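These notes are about the structure you will find just below.
The values are calculated or read from the model by the stated rules, or taken from the named source; none is laboratory data. On a predicted model such as this, the values are computed, not experimentally measured, just so you know. Counting neighbours? That spans all protein chains shown, and the Cβs are built from the backbone with ideal geometry, glycine included. For the accessible areas, the whole protein counts, side chains as well, though only heavy atoms, and no ligand, DNA or RNA atoms are used. Shrake-Rupley method; radii C 1.70, N 1.55, O 1.52, S 1.80 Å.
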Amino acid sequence: MTPPVRVRFAPSPTGFMHLGSVRVALLNYLFAKKHNGTFVLRIEDTDAARNLDVARTKIIEDMQWLNLPCQEGPVVGGNYGPYLQSERHEIYQEQLNELINNAKVYRCFCTPEELDAKRQKQIAMGKPPRYDRTCMLLGDDKAKAKIAAGIAFIWRFKLNYDQGIEIRDIARGTINFDMKNFSDFALTRQDGTCTFMFANFVDDWLMKITHVIRGEDHLSNTALQAALFDAFALPLPTYWHVQIICNKEGEKLSKRDFGFSLEDLKQAGYLPIAILNYMATVGVSFAEEVQSLEELINNYNFDAIHHTGGIRYDVEKLKWFNHKWFNRLEASTLLPSIKPILYATIQESTALDDATLTHLVSKIKGDVYTLPEMVQALSFMFVAPIVSKHELISAVGEHAADTVTTILHKHSRTSNIPAMIDAIKADGLAAGLKTKEILGSVRLILTGSAQGIGINDLVSMLSAEEITQRIKCFLGAT
Ligand code: GLU
């Protein structure tokens, strides 16, 4: 019987989540959902960096913001915890002891300087750099003497150079690794803590992970982790090394590229669903690109994956997804996303009730691509534009500007706004103006921009007093 699918997202707390990690997290999530499996969040924090708490919290917050809930993890717990590697030291030690007892590891006393010198020498001789097993051949007495002298050591795994290990990768099929191409690798550091290589293996094993979905930059680690599975006579998980993300020029996405970190995108007003939708569909062909997570779970075909190499990230395409999601989501659903940025930008907006704000957002969301653009499009509601005659002339030409001004004088006292707009339009047309010139002028006077929101929508957004006031203000200034 095949065991139930269990996948994990295993980020290291670096302080920020980058786009490649977002994609890996998402693919794990979709894969788990598609197979009725379990999505585990495990934080790989053995490499104690500063501000660890902040960085761990940030991962959890980012996953919440993305709306990718896990069934097991540091916050929700689960049967295979703890889910922070920093709390699993004894578990690793127990498995290390097993390897020590079976003579599958040896102590290495070489200093980083010695190792570096060996490496340089091998490179100079045109050989692939590999640990030369000095310490494996040390002999018991010498090793004991070094221990007694308090010389720091690490545990290295003794590879069988004659061995070939085969793994199965969802995107690549079968991959064979020849152990003679690898080096005896470190399972611990000099301070006794475990390396990523060892902790990652122990956890995938003990957390019963069936599918390891991670970036293809981990492909070479897989050979060594597979050797560890073999040392414990365990079956290997299935792997999926997913493509790394590149910029438009095809280079690996870096800090210099906008959107490298999720925080960039959050700050720039992209919706989590737009980011996820783009990350799920980039490099894959779908009949319909805009898809919710539920739709992606149904439509993603994990059996037809053969993508390798980088995928290109293009912020313009992300903008397009954001725009599509503004269209697709109800205005009321967008309120939690728009409010913080609106309130921070336009203090007066905090006085609006939700129903009014929903109405305003519903009128403009189809025209904008990001949340700051949405705020910008709403700003005329709170700050009356000061439009000069000169600006009106620039927008519609002198003749139209003069004619519209005369017509506005005639109708500016009318309090029935729809009737006033109809009358302005009728008089303008009768005077030979085009609809665009007439309504463009009114729009400019009311919003500060000759293009944009339809006049009927504007009438529903601004109060009658405000409209009359803005027209009077313009006429007063002409
Ligand atoms: N902790 C690793 C990273 O953040 C991921 C390892 C894995 O997924 O196996 O790159």
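Points worth noting:
- Selection within the stretch 4-19: residues that are within 9 Å of the ligand (Cβ to nearest atom) and in contact with a Phe, Trp or Tyr (Cβ under 9 Å, 6 or more places away or on another chain). The member of this set that is farthest from residue 313 (Cα to Cα) is 8.
- Those residues of the stretch 138-159 which are touching a helix residue (DSSP H, G or I) at 6+ places or on another chain (Cβ under 6 Å) and either open to solvent by 70 Å² or more (accessible area, probe 1.4 Å) or in a strand (DSSP E or B) (or both), in sequence order: none
- When the criteria are applied in full, residue 468 fails the requirement of being touching a Pro at 6+ places or on another chain (Cβ under 7 Å), under 23 Å from residue 379 (Cβ atoms) and open to solvent by less than 60 Å² (accessible area, probe 1.4 Å).
- Within the stretch 414-430, the residues that satisfy the criterion of being open to solvent by less than 50 Å² (accessible area, probe 1.4 Å) and more than 17 Å from residue 462 (Cβ to Cβ) are 423, 427, 428.
- Residue 259 being within 24 Å of the chain's Cα centre (by Cα), at positive phi, away from the ligand (no atom under 15 Å from the Cβ) and part of a loop (DSSP other than H, G, I, E, B): yes
- Unique residue being among the acidic types (Asp, Glu), closer than 25 Å to residue 97 by Cα and either part of a strand (DSSP E or B) or open to solvent by 30 Å² or more (accessible area, probe 1.4 Å) (or both) when the list is 184, 162: 162
- The stretch 185-220 - residue that is among the small types (Gly, Ala, Ser) and at pLDDT 95 or above and, of those, farthest from the ligand (Cβ to nearest atom): 186
- Checked against (1) loosely packed, with under 15 Cβ neighbours inside 10 Å; (2) in a helix (DSSP H, G or I), residue 306 passes all but condition (2).
- Taking the conditions (1) under 18 Å from the mean Cα position of the chain (by Cα); (2) in a helix (DSSP H, G or I); (3) surrounded by fewer than 18 Cβ atoms within 10 Å (Cβ to Cβ); (4) aliphatic (A, V, I, L, M) in turn, residue 335 satisfies each one other than (1).
- Within the option set 36, 51, 28, being at pLDDT 95 or above and either open to solvent by 70 Å² or more (accessible area, probe 1.4 Å) or away from the ligand (no atom under 16 Å from the Cβ) (or both) holds for one residue only, 36.
- Take the conditions (1) under 51 Å from the mean Cα position of the chain (by Cα); (2) surrounded by 19 or more Cβ atoms within 10 Å (Cβ to Cβ); residue 397 misses just one of them, which is (2).
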